[in-house]
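Here the structure is laid out as C-alpha cells; the discussion comes afterwards.
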Amino acid sequence: MGYAIVPNIKDEAVVCQQPCQHKDCAANRAMWTDAKCAICGLPMLPGQTFYFDDNGKPEHASCLYDKVNKLKEE
C-alpha cells in the first residue's frame, strides 16, 4: 500500500485560483479545504503524506504508523 501526498490547492498548477468549471478543481477544493486528519484532528497540510481510511477520510501517514505500532505492542 502506497501513501499519497496532500496537494497544494493554493498552487495554480494544481487548482485554478480563479473561478472555473473544472471538475477536478472543484473536487480538490472540496476535499482539501479545511481537511483534518481522521486520527489526530490536525490539519492536512500540503506536502504531508497520507492514506485514506475505510470511510474515505484522510489520515496522516505518521498518525497511522503510530496507531499500527501501538496495536502491535498490545
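Collect the residues in the stretch 16-35 that are polar (S, T, N, Q) and over 17 Å from residue 56 (Cβ atoms), keeping them in residue-number order. Those that are polar (S, T, N, Q) and over 17 Å from residue 56 (Cβ atoms): 17, 18, 21.
Taken over the stretch 43-74, the criterion of being of a type in the set (A, V, I, L, M, F, W, C) and touching a Phe, Trp or Tyr at 6+ places or on another chain (Cβ under 8 Å) is satisfied by 44, 50, 61, 64.
Looking across the stretch 29-45, just one residue is assigned to a helix (DSSP H, G or I), closer than 19 Å to residue 55 by Cβ and out of contact with any strand residue (DSSP E or B) (no Cβ under 9 Å at 6 or more places or on another chain), and that is 30. With respect to residue 51, determine if the residue is in a helix (DSSP H, G or I) and of a type outside the set (A, V, I, L, M, F, W, C). No; evaluated as a whole, the condition is false for this residue. Of all the numbered requirements in (1) out of contact with any helix residue (DSSP H, G or I) (no Cβ under 8 Å at 6 or more places or on another chain); (2) assigned to a loop (DSSP other than H, G, I, E, B); (3) surrounded by 16 or more Cβ atoms within 10 Å (Cβ to Cβ), residue 10 misses one, and that requirement is (3). Inspect the stretch 59-74 for any residue being at pLDDT below 95, loosely packed, with under 10 Cβ neighbours inside 10 Å and not in a helix (DSSP H, G or I) and give the result as yes or no. Yes - at least one qualifying residue is present in the stretch 59-74.
When residue 25 is tested against (1) surrounded by fewer than 15 Cβ atoms within 10 Å (Cβ to Cβ); (2) without any contact (Cβ under 8 Å) to a residue 12 or more places away in the chain; (3) not in a loop (DSSP other than H, G, I, E, B), only condition (1) is not met. Being more than 17 Å from residue 63 (Cβ to Cβ) and of a type in the set (A, V, I, L, M) holds for only one residue in 13, 38, and it is 13.
The values are calculated or read from the model by the stated rules, or taken from the named source; none is laboratory data. Values in this document were obtained by computation on a predicted structure and should not be read as measured data. Cβ sites come from the backbone with ideal geometry, for glycine too, and all protein chains shown count toward neighbours.
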